[in-house]
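Worksheet for the structure shown next.
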Amino acid sequence: MPHQSGEHPDRRESVSLPCSPNATRASRESHFHGEERSAAAPSNHSEAGPQAGPVTGVHGSQEHENSPWNNTPFDSATNWQASPLPQEPTSPAQQFGMSSQDILYEVYSIILQSDDPNAADRSYCFECATRTPPITPSILAELDVPRIVNNARLRHDINFDRNLQFRQNFDGVRGIIKTRAAGQYWQALEGELFMYGHALAEKMQAHAAQTPEVMQFWDCMLKASQLRLPKLFEAIRDILQTLVPEQDQESIAARLDVDLLMQEISNGVCDLVDLANWLAKVLKKHCAPMRDSLVDSMRLEVQGGALNNNVEQLVSGLRQVLSILELMKIDVANHQVKHMRSILVNDTVKFQRRYNEHRIAMGKIDAKKVRLWLAREVQTLRCNSDTEPTHLEALTAGLLRGLLYDDSEPFPAQFYLDETRLLVLREDIFRTVRYQLCRDVLAEMAPSSTPAHIIQNAQDALQRNLSDITGPDGVFFDQIPNIAAEIVRVLLMMEGHHQFPFDASLFRLAEQKVALALEPTSAAFDKTVKDICDSLLKRLKGSIEKHVKLSEMALQDALVPKSPEHIPPPPLGFGAICIPPNVLIKKDPENDFVDRLTHIICLHWRVWDGVYLAKPEGEADEAAHVKHSIPSHVPANSPASASTVAFSPPSGMLVIPNFSTTDIAMEMSTNAASPQPTQDTNETTTEREDASNERETLDSHRQRSA
C-alpha cells in the first residue's frame, strides 16, 4: 500500500480555500506574530471583527504565495463577512464554489496532512476503500434457517461430515482478498473518525474567534466525511435485531438511531462510553457465555479509544463489535444445523432430485451430456469385458478413471456437489502413491541380506518422517533432497551406524532414484497408480454392492467415521503425572479411500439414476454413434480393463415438485484429515448472478402449485 501522497499519481490536487486548514493556520500565525500580515488586510473589513481580515485574505503558506486568495483585498461584493446564516442555506458545495468531488479531495488532503504516521494510508483508503462494512445483514442472511434448508451444497456436505459447522472463512485467495479489503475499510474509518475530531476542534476555535464562514467550512467537511460510520451503525443495528426477541427489537432501534447518533457526533456530544456499556449488556444477554471475554474486550477498546481520543483503538472496538455479531449469528446457525442434521440427511435424495430437475430445466446441467457420458463408459467396459456391464459398474469405473488418469480434465457436470471431495481424494491417493514410491526406493537400496520385517519397520519409520518433511500439503518435489537424506539416514540406522557418517555417493544415488520415481511419467509411478487403481476397483465392487440400497442415514453411519471422543487434558501442578496417549488404531489408507468413494458413488447413483436411465426420444441414434465411436481397446492400466460385477440399481422415481434453492456464501469447516485443495471449486460467477432470477422463477412456480 502506498505511504506518500506522491505515490498516488491518479489523485488530483486538493482545492485551496480561504478557510481551508492552511488558511486558518495562517490566521493564527498572523494573530500571534505581529502586524506584518495584518497590513495586507483590506481596510473595509472592520464589520467582520479583528480576526476576519487575516482569515479571509491570507493563506500564509509558501506553496500558495501565488494563490488568487493571497493578500487580495475584498470589496463589499466579494468579502466574506460574519453574518447570520440564511433561512434556506445553499449546499456546502455551492457555498464555497466547489463540487462534491472537490470537497472530498479537500477531505483527503486534510487527512493526509495530519501528524499521524499512518496518515498517507488513511487518506488513500478513505478515497479508495469500499464504503460498505465487511459484514452486512445481507451477508449474514445466508445463515438464516430458510437459506440453510434450501442450500443444496450444505445439505449434500452434511452427509459426509457428522460435525459440519459454519465458521469464519479466511482461507485461500478469497480469504486474502477479503482480509485486505476489510483492512482498507477499517483504515478508512480511522481517517473518518480523525476528520470528526479534527473538524469539531476547528469548529470550536472558529466559534471562539467568531468566524462563521470557517464554521461553515468545517461543517461542510464534517458532513462530507460521513461515508462509512452511518452504514456501520446501520449494519450493527440490523444484525443485532435478527439476534434478539421481537420485544427487544424496538429498544435496539431506538438506541441505535443512526440519524440521532450522527447528529450527536456532529455536535460533539455522543457518549461512546455509555453506548459501549449498553451494547456489552445486550450482547452478553443474548450471546453464548464463551463470547463474554470478546464482549469485554470490545467494551474496553471502545471506552479506551473514546477517553484517550485514540481512533485506532476506537476502530478496533467497532471491528470487534461486527466480529462478535458474526460469531453470534454463526453460533445460532450451527445450533440449528445440529438439530436439523438427521432431517436434512434423510431427505438428501428427494431434495437433490428436485434441485437437479430444476437445474436441468434452467439449462445449467445438460441431461443429454450426462447420459452420453455414462453411455461412453458402458461401451468402454463392454469392449473390454466378456459380460454385459451395468450402468453402476460403468459409473464406478468411469469415476475412478477420471480420478486417477484424467487429472487435467474437470469432473463431469453432474458431480458438481462432490468436486471438492473428489479433488481432495485424488490428492490423498497420489500422496499415498508417492509414499509407496519412497518406500520402494528404500527397499531397493537396502542390503539384500536385510530381513523383511526390518525393512518393513524402516519403511514405516520413513513414512512417518516423510509426513513431517512434506508438510500438510504433501509437497514432494520441492523436498527431494531432504527425502533422499532421510532415506540415507534410515539406511544407515538399519546397518547400525548411529553416528550417521556422511556418504555423498549414497546420497546422490538416493536423490536420483527418488527424483526418477516421483516423476509422473515414470514407469514406477505408472505401475504404482495401476496397482492402486486395480485394488480399489475390486474392493469398490463389493463395498458398493453392500451399501447401495442403504438409506442416507445408514450410509453415513456405515461409512463416515465417528469423531474421536474428547480426551481431558492431563492434570497440572506439582506432582502431575504424564498420561500416555491413547494407542491410535492404524487404518489402511485403501480402506479409507474405498469408504469415501463408496459413499460418493452410492449417494450419487440414488440421486441421478433417473436421469441416467431415462430414454428420451431422439437420443437412440446418438447412443448408437457412441457405440461405434468407442475404440475396441483401452489402456491396460485403465480401470475399465478389470472384470466387472453386476449391481441392481434402486428402482422408482419420485414426483418432483418445484423447490427454491440458493447457494450459501459462508464456507463450512470439516473434520477431514486431508487439507482442502487450493483449486477454487465453488459455483461459477454466472450461477451466482442467476440465483436471484432462479429464485423468482421457483417462487412463482410454487405459488401456482399451491
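Laboratory data are not the source of any read-out in this text; all were calculated from the coordinates shown. What you are looking at is a predicted structure, and each value in this text was computed from that prediction instead of being measured. Cβ: placed from backbone, ideal geometry, glycine included. Neighbour counts: every protein chain shown.
For region 236-252 and region 139-199, write down the distance between their C-alpha centroids in whole Å.
Between the Cα centre of region 236-252 and that of region 139-199, the gap is 20 Å.
So, in nm, how far is label Ile176 from label Met290 when the simple model puts each one 7 Å beyond its Cα toward the Cβ?
The answer from the label model is 3.0 nm.
Please give the FRET efficiency for Asp248 paired with Asp102, using the beta carbon to beta carbon distance and R0 = 45 Å, rounded to the nearest 0.05.
0.50
Determine the dipole magnitude for region 142-208: charges of +1 sit on the beta-carbon of Lys and Arg, -1 on that of Asp and Glu, nothing else is charged, the reference point is the Cα centre, and the result goes in debye to the nearest 20.
So the magnitude is around 300 debye.
For a quick check: sort Asp592, Asp609 by the number of other beta carbons within 10 angstrom, fewest at the front.
Ascending number of Cβ neighbours within 10 Å: Asp592, Asp609.
Starting from the Cα of Asp407, step 7 Å along the direction of its Cβ; do the same at Ala523; then give the gap between the two resulting points in nm.
Label at Asp407, label at Ala523, 2.1 nm between them.
At 0.36 nm per residue, minus the direct Cα-Cα distance, what do Ala452 and Asp534 gain on full extension? Give it in nm, one decimal, please.
27.0 nm
I'd like the distance between the alpha-carbon centres of region 482-544 and region 433-467, rounded to an integer number of Å.
First find each Cα centre; the distance between them is then 7 Å.
For region 352-383 and region 282-304, what is the separation of their C-alpha centers, rounded to whole Å?
If we compute the Cα centre of each part, the gap is 52 Å.
If the reach is capped at under 20 angstrom between alpha carbons, list the lysines near Lys231, excluding any in the same chain fewer than eight residues apart.
Qualifying lysines at Cα under 20 Å: Lys178, Lys223, Lys329.
Starting from the Cα-Cα distance between Glu234 and Leu307, subtract it from 0.36 nm times their residue separation and give me the gain in nm to one decimal.
Additional length available on full extension: 23.9 nm.
Add +1 for every Lys or Arg and -1 for every Asp or Glu among the other residues with Cβ under 14 Å from the Cβ of Leu283, and state the total.
Around Leu283, the charge tally is +2.
Can you put Cys128, Cys287 in order of Cβ neighbours within 10 angstrom, beginning with the fewest?
Cys128, Cys287
Sorting Trp608, Trp278 on the 10 Å Cβ count, fewest up front, what's the list?
Trp278, Trp608
Lys/Arg Cβ at +1, Asp/Glu Cβ at -1, dipole of region 251-318 taken about the Cα centre: which of Met298, Leu272, Leu283 is farthest positive-ward?
Leu283
Stokes-Einstein D for region 436-531 at 37 °C, 0.692 mPa s, Kirkwood Rh over Cα pairs, in µm²/s?
So the translational diffusion coefficient is about 240 µm²/s.
Dipole of region 436-531, Cα-centred, from +1 at each Lys and Arg C-beta and -1 at each Asp and Glu C-beta, to the nearest 20 debye?
140 debye
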